[in-house]
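The values are calculated or read from the model by the stated rules, or taken from the named source; none is laboratory data. Source: prediction; values computed, not measured. Here the Cβ positions follow ideal geometry from the backbone for every residue, glycine too, while neighbour counts run over all protein chains shown. Protein only, heavy atoms only, side chains kept; ligands, DNA and RNA dropped before computing areas. Shrake-Rupley method; radii C 1.70, N 1.55, O 1.52, S 1.80 Å.
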Amino acid sequence: MNAKYFSLLEFTRSVTANIRGLDNTPPADAVYNLEWLCRRFLDPLREAIGGPVIISSGYRCRDLNTAVGGSPTSYHLLGLAADFHPLDPERRDAVIALVKEAKAAGEAWKAHPDTSAAPDMMFNQFIIYPTFFHVAVSPEGSAQKLQILRYNGFGQGYQKD
Ligand SMILES: [Zn+2]
C-alpha cells in the first residue's frame, strides 16, 4: 500500500475477524480507497501531530462489519473510514484542534475553490468518541462535507461539535 505512515495490515487486522475466522482481505478498490484516506487525512494528521497514530478499525468486510455492529452503509466497508487514536493520549486535544483547523481551511477553500489548491487535510465526517476518533472521507473526486460530530455516551447520541 502506498502511504507515508501506514501499512495495509494496520487497516485490515482485526481480533474479531481472527476469532470468527473471517477473511478480511480487502478488494483492490478498497485498497485504493485506504490509500486515498491516508493521503487526504491520516498521513497529514500523523505528520502534524508528530507521533504514532493507532488504527483500531479500518477496512471491514461485510461479515466483520456485521459482527462489530457497524452500520450497513458504513464507509468502513469501502475502505473510506478508520477508527484511530494517538498512541500518546495527551495528543488527543491536538488531534481535535487540527481537525477543527482543517474544517475551517476546507470551508474557506470550498467557498473559493478556484483561487488555491485544496488544503492538505480534508474529510467528510469526523466523530469524536470518548476514547477514539472515527474519520470518513468521500471517494476521490467527490466533495468532502467537513462535518464534525461528538458522540455523547449518555444516551444522547451524536451532537454537532
Ligand atoms: Zn468508525
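Pairing residues of region 142-161 that are among the hydrophobic types (A, V, I, L, M, F, W, C) with residues that are assigned to a strand (DSSP E or B), at Cβ distances under 6 Å and at least 6 apart in sequence or on separate chains, gives 148/126; 149/127; 149/158.
Being away from the ligand (no atom under 11 Å from the Cβ) and more than 18 Å from residue 7 (Cβ to Cβ) is the filter here, so list the residues in region 31-68 that pass it. Correct list: 48, 49, 50, 61, 62, 63, 64, 66, 67. In region 130-146, the count of residues that are aliphatic (A, V, I, L, M) and in contact with a Pro (Cβ under 6 Å, 6 or more places away or on another chain) is zero. Can you name the residue in region 98-117 that is aliphatic (A, V, I, L, M) and open to solvent by less than 50 Å² (accessible area, probe 1.4 Å) and is also nearest to the ligand (Cβ to nearest atom) among such residues? The residue in question is 99.
If you go through region 118-153 and keep only what is of a type in the set (Phe, Trp, Tyr), part of a strand (DSSP E or B) and open to solvent by less than 50 Å² (accessible area, probe 1.4 Å), you end up with 126, 133. Residue-level check: of (1) within 16 Å of the ligand (Cβ to nearest atom); (2) exposed (fewer than 14 other Cβ atoms within 10 Å of the Cβ); (3) among the polar types (S, T, N, Q), residue 156 misses just (1). Selection of region 118-153 for residues being within 16 Å of the ligand (Cβ to nearest atom), at pLDDT 95 or above and more than 17 Å from residue 97 (Cα to Cα) yields 136, 137, 138, 145.
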